[in-house]
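Undergrad: Sending over a structure as structure tokens; questions will come in a sec.
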Amino acid sequence: MICAVYDLLDCSTPDIPAERLLTAMYAAADRLGATVLDALAVPFQPHGLTCVLVLAESHLVVSTWPEHRLAHVDLFTCRADAPANEALHPIIEILGSRATHKQDIRRHTPSPLGRPASRHNAAGSPQP
């Protein structure tokens with residue numbers, strides 16, 4: 001399972017048309033081996049956009065902030081045929097990001113059917 005957020009910094013082309021960003025996002029989903037169920041692009045005025053791919057395996061979201069030469073990427077998927085950094089390369093490339101900052105987010109993994117899920121406290125320690 002991958003749950004990661006990326007800050008794409010110092011983007012040379014952060015104000016691109018939604019169609020170009022969605023194409024890069026579809027390429028990233030393909031690299032992950034994910035199945036795209038739906039897509040949505042919402043442009044903002046005077047610039048910037050948020051694009052969402054709803055995946056059978058969860059979601060991929062990209063929001064651009066052209067005035068700050070910045071984009072945020074949220075990836076959550078239970079399938080990854082490639083490492084996230086490699087899979088997201090088409091998005092990083094099309095936005096011209098010169099630096100990225102990644103944060104992995106630890107999420108609770110579903111337990112097999114018929115087995116109770118283990119519980120952890122806020123510090124990550126097992127709870128009875």
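The values are calculated or read from the model by the stated rules, or taken from the named source; none is laboratory data. Being a predicted model, the structure only gives us computed values, none of them experimental. Reconstructed Cβ throughout: ideal geometry from the backbone, glycine too, with neighbour counts over all protein chains shown. We work out accessible area using only protein heavy atoms, side chains counted, and drop any ligands, DNA or RNA first. Shrake-Rupley method; radii C 1.70, N 1.55, O 1.52, S 1.80 Å.
Undergrad: Of all residues in region 4-13 being within 16 Å of the chain's Cα centre (by Cα) and open to solvent by 10 Å² or more (accessible area, probe 1.4 Å), which is nearest to LEU75 (Cα to Cα)?
TA: VAL5
Undergrad: Can you pull out every residue in region 1-20 that is among the β-branched types (Val, Ile, Thr) and touching an Asp or Glu at 6+ places or on another chain (Cβ under 7 Å)? Break it down into steps so the answer makes sense when it comes.
TA: Kept after step one, since they are among the β-branched types (Val, Ile, Thr), are these residues of region 1-20: 2, 5, 13, 16.
Passing the criteria: only VAL5.
Undergrad: Please specify each residue of region 98-128 satisfying the condition of being in a loop (DSSP other than H, G, I, E, B), charged (D, E, K, R) and at pLDDT 80 or above.
TA: ARG98, ARG106, ARG107
Undergrad: Ok, one more. State all residues of region 19-78 that are of a type in the set (S, T, N, Q), open to solvent by 60 Å² or more (accessible area, probe 1.4 Å) and either in a strand (DSSP E or B) or within 21 Å of SER97 (Cα to Cα) (or both); if no residue qualifies, say none. Walk me through how you get there before you give the answer.
TA: As a first pass, look at region 19-78 and keep what is of a type in the set (S, T, N, Q): 23, 35, 45, 50, 58, 63-64, 77.
Pick out the ones that are also open to solvent by 60 Å² or more (accessible area, probe 1.4 Å) and you get 23, 35, 45.
THR23 - this is the single residue of region 19-78 that is of a type in the set (S, T, N, Q), open to solvent by 60 Å² or more (accessible area, probe 1.4 Å) and either in a strand (DSSP E or B) or within 21 Å of SER97 (Cα to Cα) (or both).
Undergrad: While we're on this one: CYS11 passes all but one of (1) modelled with pLDDT of 95 or more; (2) not in a loop (DSSP other than H, G, I, E, B); which number fails?
TA: (2)
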